[in-house]
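J.: Please read through the structure below; I'll follow up with questions.
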Ligand SMILES: Cc1cc2nc3c(=O)[nH]c(=O)nc-3n(C[C@H](O)[C@H](O)[C@H](O)COP(=O)(O)OP(=O)(O)OC[C@H]3O[C@@H](n4cnc5c(N)ncnc54)[C@H](O)[C@@H]3O)c2cc1C
């Protein structure tokens with residue numbers, strides 16, 4: 001059985017690149033292809049499904065789950081667990097028909113990195129969790145034509161070349177690292193807040209990657225000691241603080257705070273767009289981003305942008321746009337588990353990005369397989385001992 005409101009992954013960009021080396025990655029690509037993803041994901045070096053195709057793929061995967069005897073409950077939320085002698089015995093669910101309790105012995109808990117209510121529920125149950133480093137910053141947008149020129153030179157207009165991408169990173173003298181992440185050629189910046197009163201940005205692109213702008217997250221690493229608290233959910237409070245500051249700077253009406261790179265580097269607020277029109281909907285409020293990111297993050301970004309311009313000409317173009325804030329690069333929490341993928345709470349398998357074991361679609365899918373294998377192995381041992 002699987003429940004939820006439709007994977008956040010369903011609305012992501014669908015870049016299927018990963019740093020993990022696991023033979024199951026191939027199996028995931030084949031499953032996606034079987035569920036309707038373009039065939040080229042099986043052989044491209046940097047496979048990309050695109051937000052437009054991803055919806056079909058998720059529906060295709062759901063059909064496969066149903067065909068194999070699974071059940072999908074929409075609009076159904078896990079709100080609590082019954083435990084007896086350190087084991088899960090039941091799950092409490094909120095459904096459109098009201099709350100109900102179902103008997104369960106095992107749960108693969110893959111709730112994503114924004115399931116703050118679930119993290120709180122687990123904390124109340126004293127499920128072992130810890131603070132986890134992640135990264136924060138802003139989305140940076142350039143004209144795709146300028147990225148193409150920087151990467152392809154004189155061939156930039158050649159029709160056989162797709163929209164160019166980039167990946168940049170630097171370690172700076174202040175001990176912080178800055179890097180670009182989730183680069184979306186020909187894509188658009190999207191508002192990805194999950195709580196009222198908070199502003200969060202992310203990026204996506206359709207399969208064709210034909211948009212006017214290129215965007216990526218420009219991120220700086222933050223460590224548990226930056227969070228201002230020792231409890232497992234200190235990182236969630238840290239995220240929320242900056243998301244609320246960004247919401248207020250955006251004017252409190254859903255607009256996102258934005259600043260041109262030239263103004264950002266010169267410590268002055270922006271008042272209007274230059275050559276790069278921000279793509280985010282409903283729009284931006286021109287301001288100064290210093291108010292919605294920690295000082296050490298903006299200072300690190302100010303060092304990184306000119307350094308990245310040396311590697312990718314035009315990265316520091318004064319009209320490039322920074323939109324805030326990017327706080328959900330990965331989970332701020334790790335739900336601890338043993339080698340058998342199980343929590344100290346017997347029957348609970350913390351899984352995927354929200355539990356701190358994945359950083360993207362492919363690694364989350366592989367972690368799902370890993371947890372499913374562990375669960376089956378645990379039960380095959382039960383059968384053996386019966
Ligand atoms: C705009 C955007 C673009 C992205 N682009 C890419 C990309 O190009 N490539 C990439 O690799 N990654 C990308 N990502 C990240 C990627 O989507 C995640 O890494 C991945 O989806 C994590 O998978 P997951 O299964 O761990 O969690 P999720 O996909 O987040 O799924 C968690 C699910 O659990 C549900 N849930 C939460 N709490 C409960 C509860 N209490 N009860 C029931 N259900 C619950 C949620 O509604 C959700 O459906 C992007 C993300 C976004 C937002």
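J.: Within region 192-204, is even one residue outside the structural domain of residue 57 (by TED's automatic domain parsing) and assigned to a helix (DSSP H, G or I)? I'd like the intermediate steps shown before the answer.
T.: Let us first name the residues in region 192-204 that are outside the structural domain of residue 57 (by TED's automatic domain parsing), namely 192-204.
Pick out the ones that are also assigned to a helix (DSSP H, G or I) and you get none.
Within region 192-204, none of the residues are outside the structural domain of residue 57 (by TED's automatic domain parsing) and assigned to a helix (DSSP H, G or I).
J.: Something else now. Just name the residue that is farthest from the ligand (Cβ to nearest atom) out of those in region 18-30 that are surrounded by 13 or more Cβ atoms within 10 Å (Cβ to Cβ) and part of a loop (DSSP other than H, G, I, E, B).
T.: 22
J.: Do the conditions hold for residue 276, that is, is it assigned to a loop (DSSP other than H, G, I, E, B) and modelled with pLDDT of 95 or more?
T.: Numbers: assigned to a loop (DSSP other than H, G, I, E, B): yes; modelled with pLDDT of 95 or more: yes.
Yes, satisfied.
J.: With respect to residue 89, is the statement that it is within 14 Å of the ligand (Cβ to nearest atom) and more than 21 Å from the chain's Cα centre (by Cα) true?
T.: no
J.: Name the single residue, out of those in region 66-86 being within 16 Å of the ligand (Cβ to nearest atom) and not in a strand (DSSP E or B), that is farthest from residue 117 (Cα to Cα).
T.: The selected residue is 70.
J.: Residues of region 326-366 being under 24 Å from residue 168 (Cα atoms), within 10 Å of the ligand (Cβ to nearest atom) and not in a loop (DSSP other than H, G, I, E, B), which ones?
T.: 361, 362, 363, 364
J.: State whether the residues of region 302-325 include one that is modelled with pLDDT of 95 or more, within 16 Å of the ligand (Cβ to nearest atom) and touching a helix residue (DSSP H, G or I) at 6+ places or on another chain (Cβ under 6 Å).
T.: Within region 302-325, one or more residues are modelled with pLDDT of 95 or more, within 16 Å of the ligand (Cβ to nearest atom) and touching a helix residue (DSSP H, G or I) at 6+ places or on another chain (Cβ under 6 Å).
The values are calculated or read from the model by the stated rules, or taken from the named source; none is laboratory data. All values derive from a computational prediction rather than experimental measurement. Positions of Cβ are generated from backbone atoms using ideal geometry, with glycine treated the same way; all protein chains shown enter the neighbour counts.
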